[in-house]
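A short worksheet on the structure shown next.
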Protein chains: 2
Amino acid sequence: MINKKKLIENILNQPPINQNTEIDKKKTLAENWFVNLRDQICNDFTKIEYNFKIKNNNSEKVTEVKSPIFTQKKWDRDGGGGGVISIMKGDVFEKVGVNISTVYGKFSDKFKSQIPGAEKTGDFWASGISVVAHMNNPFVPAAHMNTRFLVTGLGENRKFWFGGGCDLTPMLPDKKSAIFFHKNLKSICDKYNKEYYEIYKKWCDDYFFLPHRNEARGVGGIFFDYLNTFEWDMDFNFVKDVGKTFLETYSKIVDERVDQKFNDEEKNIQLVKRGRYVEFNLLYDRGTIFGLNTGGNPEAILMSLPPNVKWE
Amino acid sequence: MINKKKLIENILNQPPINQNTEIDKKKTLAENWFVNLRDQICNDFTKIEYNFKIKNNNSEKVTEVKSPIFTQKKWDRDGGGGGVISIMKGDVFEKVGVNISTVYGKFSDKFKSQIPGAEKTGDFWASGISVVAHMNNPFVPAAHMNTRFLVTGLGENRKFWFGGGCDLTPMLPDKKSAIFFHKNLKSICDKYNKEYYEIYKKWCDDYFFLPHRNEARGVGGIFFDYLNTFEWDMDFNFVKDVGKTFLETYSKIVDERVDQKFNDEEKNIQLVKRGRYVEFNLLYDRGTIFGLNTGGNPEAILMSLPPNVKWE
């Protein structure tokens, strides 16, 4: 049975890396993939936004629909690296942010003990992508996806692994989208390891939970970390599949719900539900707290927060 | 020079309490005061709300103005005690919450080591009031006030102290209200100890700060804790003066700004600024994190969150 402790032990037991070029190649491949995936996501989401505008305007105006598109903002990290935030605020996507980043440097003494392979020198390199979509129509669930590749340590003792996941947050009860989302995630998990889905689903459920409300953030998805089976290409393919499957599945969920009529009461339920999303991210999310505590870019980290929120 | 370490030492060095009745009397006096102050606050804020409605309707309709008034909600705490939340949502006060509570029981092992006098048995008793006002007009600052009386330990070894403070958060630059607020706080501090204002002001500035944004939550005020000079009546009077002065001062600030015209852009600045308030409360506020971690009532704890918020 896969569990966190065994996964970390596994990473620490990885044999020495013989060639520096080997890990450099992996870093480049991963980083390029995250850029590529970002482009696919922005492209597909822009199409959804355009199609909606076209349907809701006169179809002869198609060629005039020029905005909104994603605006990009480059940022640098004190200490090494940086990233690019892409944000679109439209009629379908009330706010969607896609952040890619490649950062490196040394963890502080406080943090290095918590990161496999970084215990001695604190050296790390990390590249990843994260997506958070808050939708205008309360019948369209919000969604989140994140994948990353981490390398820690120095020289032949370097350790590396993938992490990530995706999850769905319907604002109003929506069993159909939950079933569809999980079915597709299970399919790709099963391609790699029959144990993955059940374990990663549970990991996700345990993680995206608000103890003070005794409620789940959404309907879950999958969440994985410390992924290194010693077959890098296979692990990388899994990570790519998570990204692609998320994009296809979520796009379909959006398409099917975006024309549904909603009223003020339903919109209000969405705004209040978004408050739970904020509570989770600021009170519990490891990435948020870790990022803000290690001098991360607050704009990139807090990109996940919804555009409009209500607390009653 | 007063500092946190000395204040805690002072509390721990307090001589044994000879009569149980003595501390019971103090508890009752404190608890009654918080109820009394709550009533004064709700009364004065309701008047402001009514006066605004009257001015902005036809004056002959005065007697018809019946709502909004504060709605009250009683809550019980698992483990002992409870409280009452009073909330008003009006035209001046977009959302104002006043919570009074008296809770008691045992701190968990994790927390008892952090609380003077609770180290051995974990026993505590706490009574207090907290007020958070989020205003409709962006020219009216948001405000927060909280005072409390704590008793820890058992029998003659019990320790007790007051804590609290108040602070102001203008949404748009407003030097005048900051100066007025601080002037009035300094006056009452000076009545008790010439050192109080400077120390409590600094404590407040240090506390209400968002490191990830490198910005202050507002323009500060005063913040104090572990207050026990061994002259209980004097300390209690100080706490009462903080409550009364806050109410008078803030009411005046509201009155002077409530008729100022504002536009969508100014309202938008307010909604974004409120996001910082949420970030502070969920990421850093000791009371919030402590409360949620010790099984406190989430509704009472998160009463402080603004009604409408934006993240851009």
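The values are calculated or read from the model by the stated rules, or taken from the named source; none is laboratory data. Predicted model, so just to flag it, every value in this text is computed and none were measured. Heads up, the Cβs are rebuilt from the backbone with ideal geometry, glycines too, and the neighbour counts pull from every protein chain shown. For the accessible areas, the whole protein counts, side chains as well, though only heavy atoms, and no ligand, DNA or RNA atoms are used. Shrake-Rupley method; radii C 1.70, N 1.55, O 1.52, S 1.80 Å.
A few notes on this one:
- Taking first residues from region B:170-191 that are free of Cβ contacts under 8 Å to residues at least 60 places away in the same chain and in a helix (DSSP H, G or I) and partners that are basic (Lys, Arg) and open to solvent by 70 Å² or more (accessible area, probe 1.4 Å), the Cβ contacts under 9 Å between residues at least 6 apart in sequence or on separate chains come to B:ILE188/B:LYS244.
- Single residue of region A:237-259 satisfying the filter (more than 18 Å from A:THR169 (Cβ to Cβ) and touching a strand residue (DSSP E or B) at 6+ places or on another chain (Cβ under 9 Å)) that is most open to solvent (accessible area, probe 1.4 Å): A:LYS240
- Test result for B:ASN268, closer than 21 Å to B:PHE139 by Cα and within 14 Å of chain A (Cβ to nearest Cβ): yes
- Any chance B:ARG158 is within 15 Å of the chain's Cα centre (by Cα) and charged (D, E, K, R): no
- Within region A:200-212, residues that are of a type outside the set (Lys, Arg) have Cβ atoms under 9 Å from residues that are open to solvent by 60 Å² or more (accessible area, probe 1.4 Å) and assigned to a loop (DSSP other than H, G, I, E, B) in these pairs: A:TYR207/A:TYR284; A:PHE208/A:TYR284; A:PHE209/A:TYR284; A:LEU210/A:TYR284; A:PRO211/A:TYR284, counting only partners at least 6 apart in sequence or on another chain.
- Filter pass, A:TYR197 being of a type in the set (Ser, Thr, Tyr) and under 26 Å from A:LEU305 (Cβ atoms): no
- Taking the criterion of being of a type in the set (Lys, Arg) and within 14 Å of chain B (Cβ to nearest Cβ), the only residue of region A:200-216 that qualifies is A:ARG213.
- Any hit, region B:38-59, residues being modelled with pLDDT under 95 and assigned to a loop (DSSP other than H, G, I, E, B): yes
- Matching residues in region A:291-306 - criterion: being in contact with a Lys or Arg (Cβ under 9 Å, 6 or more places away or on another chain), facing chain B (nearest Cβ under 9 Å) and surrounded by fewer than 20 Cβ atoms within 10 Å (Cβ to Cβ): A:ASN293, A:GLY295, A:PRO298
- Subset of region A:273-285 (residues that are facing another protein chain (nearest Cβ under 9 Å) and among the acidic types (Asp, Glu)): A:GLU279
- Residue among B:THR288, B:THR249 that alone is away from chain A (no Cβ under 14 Å), part of a helix (DSSP H, G or I), under 30 Å from B:ASN228 (Cα atoms) and touching a helix residue (DSSP H, G or I) at 6+ places or on another chain (Cβ under 7 Å): B:THR249
- Qualifying residue in region B:142-152 (condition: open to solvent by less than 30 Å² (accessible area, probe 1.4 Å), not acidic (Asp, Glu) and not in a strand (DSSP E or B)): no
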